[in-house]
1. In the chain, carbon and sulfur make up what percent of the accessible area (probe 1.4 Å)?
2. Once you've got the GNM for the chain with C-alpha springs shorter than 10 Å, pick whichever of Val22, Val42, Val33 has the biggest mean-square fluctuation.
3. Rounded, prolate or oblate: pick one for the chain, where a ≥ b ≥ c are the square roots of the eigenvalues of its C-alpha gyration tensor, a/c under 1.5 means rounded, and failing that, prolate if a/b is larger than b/c, else oblate.
4. When only Cα pairs under 8 Å and 6 or more residues apart are kept, what is the percent relative contact order across the chain?
5. Helix-only mean residue ellipticity at 222 nm, the chain, DSSP H runs n ≥ 4 weighted -39,500 (n - 2.57), per residue, nearest 500. What is it?
6. Roll a 1.4 Å probe over the protein chains and send me the accessible area per residue for the chain in Å².
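The values are calculated or read from the model by the stated rules, or taken from the named source; none is laboratory data. Computed from a predicted model, the values in this text were never measured in an experiment. Note: accessible area is taken over every heavy atom of the protein model, side chains too, but ligands, DNA and RNA are not part of it. Shrake-Rupley method; radii C 1.70, N 1.55, O 1.52, S 1.80 Å.
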Amino acid sequence: MRKKNFLPRSLVAFVVAWSFVVATLTGITLYIVPHGRVAYWVDWRMLGLGKDAWADIHIIFGVL
């Protein structure tokens, strides 16, 4: 049997697909967050992360 070589293209496709999924989920989360300072006034959190943390994750995976 022939051994398959590792292709960088497959790794890139995998990373891009997962970053798209994460960016989509964080985008939906940021869409439902209370707007403006209301999120800070009520100390809004989802899965232990505040509005700024969700925005940071969204930006990181969007750039990736």
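1. Numbers: 3950 of 5650 Å².
C and S atoms contribute 70 percent here.
2. Val42
3. Working: a/c = 4.43, a/b = 3.82, b/c = 1.16.
In terms of gyration-tensor shape, prolate.
4. Values: 32 pairs, mean separation 26.8, N = 64.
Here the relative contact order equals 42 percent.
5. On the way: 3 runs with 42 residues, N = 64.
After summing the helix terms and dividing by residue count, I get -21000 deg cm²/dmol.
6. On the way: 5650 Å² over 64 residues.
Per-residue value: 88 Å².
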